[in-house]
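K.L.:
This is the structure I have questions about; it appears just below.
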Amino acid sequence: MENLINRFIKYAKVYTTSDEDSTTTPSTQRQKNLAKILVEDLKEIGIDNAYMDDNSYVYGFVPANTDKICNTIGFIAHMDTAPAASGENVKPQIHKNYNGEDIILNKEKNIVLSIKEFPYLKDQIGKTLITADGTTLLGADDKAGIAEIIEAIKYIIENKEIEHGPIAIGFTPDEEVGRGADLFDVKKFNANFAYTIDGGHVGELEYENFNAAGAIVNIRGKSVHPGSAKDILINATTIGMEFHSLLPEDEVPEKTEGYDGFYMITDFKGGIESATLKYIIRDFAIENLQKRKDLLKNISEIINEKYKSQLVKVDVHDEYYNMKKVIEPVMYVIELAKKSMLEADVIPKIVPIRGGTDGAKLSYMGLPTPNIFTGGANFHGIYEYISGEDMVKAKETIINIIKNDALNHEKIK
């Protein structure tokens, strides 16, 4: 466990926050710093063919050591951390033998990881917890996944008696801004299927995710002097507030769970002459996603009709789709993961992802890619944590997947 924790901490300290407003790949040049480290670390464990491509995707390949029928299995994690919280100057803190009480992350700023606010901390009693210092996120999403993959493959390489098929490894940039799979070389990766190691609590196994879309609402106002504004001035910010008020107030992330979809306003900038609202739209059923997109456009028509002018324009674009449709024909990949978890004394918990992973896009690119837990929680914020023991379970699950596939002799197309 110590080596796994040390490797994770090494990666967590590297600043790799992505930038959704950037048009480059990677979206931030700092992600290349970790990519270079990972190439060297893969070579260090015996993967001499590891390399970083022109877009900062990292690849490595382990050849089969058996003539048995085996799949080529891929393991994928992402290098960037979410822009929602600072990822610069991360200072990991280790809390050994957690006692079930509140954890003071930052005494000076009175930042506390509270057992009352996060009751699932009770499941971590007795374990070794890793947090940040209350000023940044930790980066377990998804540097824990990277560390778990490398340590698992290191074990496979060192224990030559373990029969295995070909193994492909991929580390992507920009997953947190929805572009992690965009330039992934599926053809060169050449895997029959893969797993993203990018989930949360121990045991999570996910092959359903949101269908996702984004929307930009542009509003044109009319500015005149307020002293002579009656029946002339049109305040674009006020129109933006009106637009938002016409959406269902309970269909937002903070009031939904499970298979519920939602609208989420992520940005609102405005003045009198113009305003812009940005939304993300999510739903598990594709037909419901379409209804949500239609509602945004209908609201724009209602407002334009009310003011007898084309004040509001809505641009909607799809982002990714529910991978369930792609995974269901190859449920072997799910059964293989379930069996491998059970052999690691982990109870599989098949849950829908209330979000997306690289695996969603990769699945539609021809690479079925469900998602497996890392052992972390409270991602994208200063209360993020992970336990060393749960990271070990993720590592063991990866090892078992590789071993069990070599025993099954069931190759999928």
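Only the coordinates and a few stated rules stand behind these numbers; no lab work does. Just so you know, these numbers come straight off a predicted model, no measurement behind them. All Cβ positions, glycine included, derive from the backbone under ideal geometry; neighbour counts span all protein chains shown.
K.L.:
Among the residues of region 135-159 satisfying the criterion of being touching a residue at least 60 places away in the same chain (Cβ under 8 Å) and outside any helix (DSSP H, G or I), which is nearest to the chain's Cα centre (by Cα)?
P.N.:
Within region 135-159, the match that is nearest to the chain's Cα centre (by Cα) is G139.
K.L.:
Then there's this: I'd like the full set of residues that are assigned to a loop (DSSP other than H, G, I, E, B) and buried (at least 21 other Cβ atoms within 10 Å of the Cβ), limited to region 166-183. Even if it seems obvious, please write down each step before you answer.
P.N.:
From region 166-183, those assigned to a loop (DSSP other than H, G, I, E, B) are 166, 173-174, 178-183; that's our starting set.
Answer for region 166-183, where residues must be assigned to a loop (DSSP other than H, G, I, E, B) and buried (at least 21 other Cβ atoms within 10 Å of the Cβ): P173, D174, R179, G180, A181.
K.L.:
Which one is surrounded by the most Cβ atoms within 10 Å (Cβ to Cβ), of the residues in region 211-241 that are in a loop (DSSP other than H, G, I, E, B) and among the β-branched types (V, I, T)? Give the derivation first.
P.N.:
Let us first name the residues in region 211-241 that are in a loop (DSSP other than H, G, I, E, B), namely 221, 223-225, 229-233, 235.
Of the ones still in play, those that are also among the β-branched types (V, I, T) are 224, 232.
Details: V224: 12, I232: 10.
Only one residue tops the list, namely V224.
K.L.:
Picking from G87, G60, which residue would you name as being touching a strand residue (DSSP E or B) at 6+ places or on another chain (Cβ under 7 Å) and over 21 Å from I153 (Cβ atoms)? It would help to see each step written out before you state the result.
P.N.:
Numbers: G60 fails: over 21 Å from I153 (Cβ atoms).
The unique qualifying residue is G87.
K.L.:
Just one of the numbered conditions (1) among the charged types (D, E, K, R); (2) within 16 Å of the chain's Cα centre (by Cα); (3) part of a loop (DSSP other than H, G, I, E, B) is not true of D198; which one?
P.N.:
The one condition D198 does not meet is (3).
Yes/no per residue for (1) surrounded by fewer than 20 Cβ atoms within 10 Å (Cβ to Cβ); (2) over 24 Å from the mean Cα position of the chain (by Cα); (3) free of Cβ contacts under 8 Å to residues at least 12 places away in the same chain:
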| site | (1), (2), (3) |
| --- | --- |
| L42 | no, no, no |
| G46 | yes, yes, no |
| F61 | no, no, no |
| G87 | no, no, no |
| Q93 | yes, no, no |
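K.L.:
Still on this structure, I have one more. Go through region 337-369 residue by residue and tally those that are hydrophobic (A, V, I, L, M, F, W, C), within 23 Å of I402 (Cα to Cα) and either in contact with a Ser or Thr (Cβ under 8 Å, 6 or more places away or on another chain) or surrounded by 22 or more Cβ atoms within 10 Å (Cβ to Cβ) (or both).
P.N.:
Final tally of qualifying residues: 7.
K.L.:
Could you list, in sequence order, all residues of region 310-342 that are out of contact with any strand residue (DSSP E or B) (no Cβ under 6 Å at 6 or more places or on another chain), in contact (Cβ under 8 Å) with a residue 24 or more places away in the chain and over 23 Å from L367 (Cα atoms)?
P.N.:
Q310
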